[in-house]
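The values are calculated or read from the model by the stated rules, or taken from the named source; none is laboratory data. Owing to the predicted nature of the structure, the values given are computational and were not obtained by experimental measurement. Don't worry about glycine lacking a Cβ; one is built from the backbone with ideal geometry, like all the others, and counts go over all protein chains shown. Ligands, DNA and RNA are excluded from the accessible area calculation, which covers all protein heavy atoms including side chains. Shrake-Rupley method; radii C 1.70, N 1.55, O 1.52, S 1.80 Å.
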Amino acid sequence: MAQKFRALLDLCKRRGFLFQSAEIHGGLRGAYDYGPLGVELKKNISQSWWRRNVYFRDNVVGIDTSIVTPHNVLKASGHVDEFTDALVDCLLTKERFRPDKAPEIEFKQDKGVSSGKIVIRSPDKETAKVWEKQIQTELAPGALITRQAKELLLHVKHLKSSSYGGPAGSIELETISGESLSVPYHGYVEPSTNSPFLTDERPFNLMFKTFLDPIDPIDRVIKTTIDTKTSDLKVVREQVDNILRPSTVYLRPETAQGVFINFNQIMRTMKTKLPFGIAQVGKSFRNEIRLEHAIFRTPEFEQLELEFFTSPWESPAWFDYWRKDRLAWWLEHANNKADFRTRDHEQNEMAHYAKGCMDVEYQYPWGWGEVEGVANRGCFDLTQHMNATGENFEVLEDSPKASSLLKDTTLVNDIPSEPTRFVPTVIESSCGLNRALLAYLCDAFHQVQEPGKEPRTVLKLHPRFAPVKCAVMPLTGSTDFKPYVEKVARSLRRQGLYTVIESQKLRIGKRYYRHDEIGTPFCITIDHQTLQDQTVTIRDRDTTEQHRININDVTSIVNNKIWA
Ligand code: ATP
């Protein structure tokens, strides 16, 4: 599994889907750039989502709101105070972890205190390798480290434990090669029971904070701390916060809040009536404690979000509708449908205001991972912004009834019998575009081994998602083929289908394989017969079958196959 995933990432790099960002400057962990094929794949997934959720419906409209978000918006939404994860620091691996993901570290003293062993267990072999390098270069350059698959053994010669057992202090280690090092630790430790190398848990806000300020905020902070007469950190922190507050802004951690604060603008300008939805596609940012699995968890990512506003009595029925509709979209584009599933949240997993929550999950090579959340958020979000601003988001239903758009009304609650004013309930569907791209790449990645042939890769992406839709190829380099090649390519391009002309000097079979590898669903070949009867061959990536068709039918046949 891990080998297959590495082969996929290798293909992504080799063929221009995904690059490590700033690679020539040493790279930045968790930051990726999408190459020419990656950008097409991402755009196609996003457009498919938009088409299904906006263009195919009468009651959903789009919006594109600012990424830079004022403090007040995210204070009202609860993100400033609540959008936190618990965090521990590991002094050995120099990494930060969620407590449940922290490495297991055992601290073993041999009899007497002249030598010892630190055992570090990692979740997988790859992580063990990274930690080994980290410890070797940063923490214990001379230490003897042995690695047994997922277990690192750091052998030390001397454990000078004079401050050992106190509330905080340091452990002096002398490594096998004679280097002397000091590892700070916090809290009381008992040998072999708990680890002196992990700090206490602390809450950590996931938002990226920055400042809209022509004066460098660091200068303001320095001035405040110099001017202040107290050494009480809490007091200084408060003063610094007060000074920075007016210029504090955040990179939004989700696109949803931009939708909620524009609720009245949309109602006013688009004359929308409940039930209706507002869709937004855009970047969100989270200072994640742990970045993992290539683009699965990154600090910068894209979301496809739909906020669907309903009356409270219809909300259970719409929640049910969106759960089914969103899963259907995932399955429609998948090869292995069994690799997608839904998972309902337990009550204790949900935010206090949520009335239901479901994740769509994909079975990635390392296990099931969330790709989308669908939640009934009640009227929490609109109410919070109403309370903070005085803007009124209530709507009036003169004669409450169940919407005719609902095919199944069994889940509709009691409908009030008189005119009713209420804050709408929101059903949210929040899909991660980058995770979708990774899931569909994993789903598409097929390694083919035919007898007597080199193993090769076929990327069985849904034709709507495939970056290149058609490759048009002359059979040979003869100039006779050129006008036909150009004619076919032009007609496909006019239909908005990304088409490349593949006239490299490679054998035609090799050219087909190169396109199989990037998922091109159709190869159109101009050959000698084309000159006679105006027909071309169309080759199907998945079956490798070829059919002769009239040159004038190429675009309609390709379009039909893509939209079938
Ligand atoms: P997780 O539990 O994996 O951290 P989450 O429950 O915090 O995810 P949501 O807040 O529900 O995620 O965000 C909606 C979607 O946005 C997720 O289903 C996921 O697809 C995507 N997403 C969230 N955080 C990230 C991230 N750091 N990198 C990439 N995609 C993300």
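For segment 80-100, filtering for residues that are polar (S, T, N, Q) and assigned to a loop (DSSP other than H, G, I, E, B) leaves 1.
Taking the criterion of being farther than 14 Å from Gln280 by Cα and touching an Asp or Glu at 6+ places or on another chain (Cβ under 9 Å), would at least one residue in segment 44-67 satisfy it? No; the residues of segment 44-67 include none that is farther than 14 Å from Gln280 by Cα and touching an Asp or Glu at 6+ places or on another chain (Cβ under 9 Å). Checking each residue in segment 298-324 for being within 16 Å of the ligand (Cβ to nearest atom) and surrounded by fewer than 19 Cβ atoms within 10 Å (Cβ to Cβ) picks out Pro299, Glu300.
What are the residues in segment 269-302 that are at negative phi and charged (D, E, K, R), if any? Answer for segment 269-302, where residues must be at negative phi and charged (D, E, K, R): Lys273, Lys283, Arg286, Glu288, Arg290, Glu292, Arg297, Glu300, Glu302.
Table: residues versus (1) more than 11 Å from the ligand (Cβ to nearest atom); (2) under 21 Å from the mean Cα position of the chain (by Cα); (3) open to solvent by 40 Å² or more (accessible area, probe 1.4 Å).
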residue	(1), (2), (3)
Met350	no, yes, no
Lys355	yes, no, yes
Gly367	yes, yes, no
Gly373	no, yes, no
Asn376	yes, no, no
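Counting only residues that are of a type outside the set (D, E, K, R), assigned to a strand (DSSP E or B) and near the ligand (Cβ under 10 Å from one of its atoms), segment 282-297 holds 2 of them.
Is it true that some residue in segment 498-507 is more than 30 Å from Trp49 (Cα to Cα) and of a type in the set (A, V, I, L, M)? Yes, there is a match, as at least one residue in segment 498-507 is more than 30 Å from Trp49 (Cα to Cα) and of a type in the set (A, V, I, L, M). Just a yes or no: is a residue in segment 191-202 at pLDDT 75 or above, in the same structural domain as Gln134 (by TED's automatic domain parsing), surrounded by 16 or more Cβ atoms within 10 Å (Cβ to Cβ) and in contact with an Asp or Glu (Cβ under 9 Å, 6 or more places away or on another chain)? Yes, there is a match, as at least one residue in segment 191-202 is at pLDDT 75 or above, in the same structural domain as Gln134 (by TED's automatic domain parsing), surrounded by 16 or more Cβ atoms within 10 Å (Cβ to Cβ) and in contact with an Asp or Glu (Cβ under 9 Å, 6 or more places away or on another chain).
This table checks each residue for (1) in contact with a Cys (Cβ under 8 Å, 6 or more places away or on another chain); (2) free of Cβ contacts under 8 Å to residues at least 12 places away in the same chain; (3) over 30 Å from Pro103 (Cα atoms); (4) in the same structural domain as Arg377 (by TED's automatic domain parsing).
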residue: Met270; (1), (2), (3), (4): no, no, yes, yes
residue: Glu302; (1), (2), (3), (4): no, no, no, yes
residue: Phe319; (1), (2), (3), (4): no, no, yes, yes
residue: Asp344; (1), (2), (3), (4): yes, no, no, yes
residue: Tyr353; (1), (2), (3), (4): no, no, yes, yes
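Out of the residues in segment 419-459 that are in a loop (DSSP other than H, G, I, E, B) and buried (at least 19 other Cβ atoms within 10 Å of the Cβ), which is farthest from the ligand (Cβ to nearest atom)? Across segment 419-459, the extreme among qualifying residues is Val423. Yes or no: segment 22-44 includes at least one residue that is in contact with a Lys or Arg (Cβ under 7 Å, 6 or more places away or on another chain), open to solvent by less than 30 Å² (accessible area, probe 1.4 Å) and either closer than 21 Å to Gly496 by Cβ or among the small types (Gly, Ala, Ser) (or both). Among the residues of segment 22-44, at least one is in contact with a Lys or Arg (Cβ under 7 Å, 6 or more places away or on another chain), open to solvent by less than 30 Å² (accessible area, probe 1.4 Å) and either closer than 21 Å to Gly496 by Cβ or among the small types (Gly, Ala, Ser) (or both), which makes the answer yes. Just one of the listed residues (Arg514, Arg539) is part of a helix (DSSP H, G or I) and within 21 Å of Lys460 (Cβ to Cβ), namely Arg514.
Just to be sure, is Asn413 loosely packed, with under 15 Cβ neighbours inside 10 Å, in a helix (DSSP H, G or I), more than 16 Å from the ligand (Cβ to nearest atom) and more than 19 Å from the chain's Cα centre (by Cα)?
In short, no.
Scanning segment 378-410 for residues that are among the charged types (D, E, K, R) and open to solvent by 70 Å² or more (accessible area, probe 1.4 Å) turns up Glu391, Glu394, Asp398, Lys401, Lys407, Asp408. Among the residues making up segment 460-483, those that are under 30 Å from Glu254 (Cα atoms) and open to solvent by 20 Å² or more (accessible area, probe 1.4 Å) are His462, Pro463, Arg464.
Table: residues versus (1) away from the ligand (no atom under 16 Å from the Cβ); (2) exposed (fewer than 13 other Cβ atoms within 10 Å of the Cβ).
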position	(1), (2)
Ile226	yes, yes
Asp232	yes, yes
Val240	yes, no
Pro253	no, no
Ile261	yes, no
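Among residues of segment 62-78 that are touching a residue at least 40 places away in the same chain (Cβ under 8 Å), those with a Cβ under 8 angstrom from a residue that is assigned to a loop (DSSP other than H, G, I, E, B) and loosely packed, with under 15 Cβ neighbours inside 10 Å, sequence gap 6+ or separate chain, pair up as Val68/Leu212. Every listed requirement among (1) within 14 Å of the ligand (Cβ to nearest atom); (2) without any contact (Cβ under 8 Å) to a residue 12 or more places away in the chain is met by Ser404 save one, (1). Residues in segment 325-335 that are open to solvent by less than 40 Å² (accessible area, probe 1.4 Å) and farther than 17 Å from Cys357 by Cα: Trp329, Trp330, His333, Ala334.
Restricting attention to segment 195-250, the residues being over 20 Å from Phe285 (Cα atoms) and either assigned to a loop (DSSP other than H, G, I, E, B) or β-branched (Val, Ile, Thr) (or both) number 25.
Within this structure, Trp330 passes the test of being part of a helix (DSSP H, G or I) and within 17 Å of the chain's Cα centre (by Cα).
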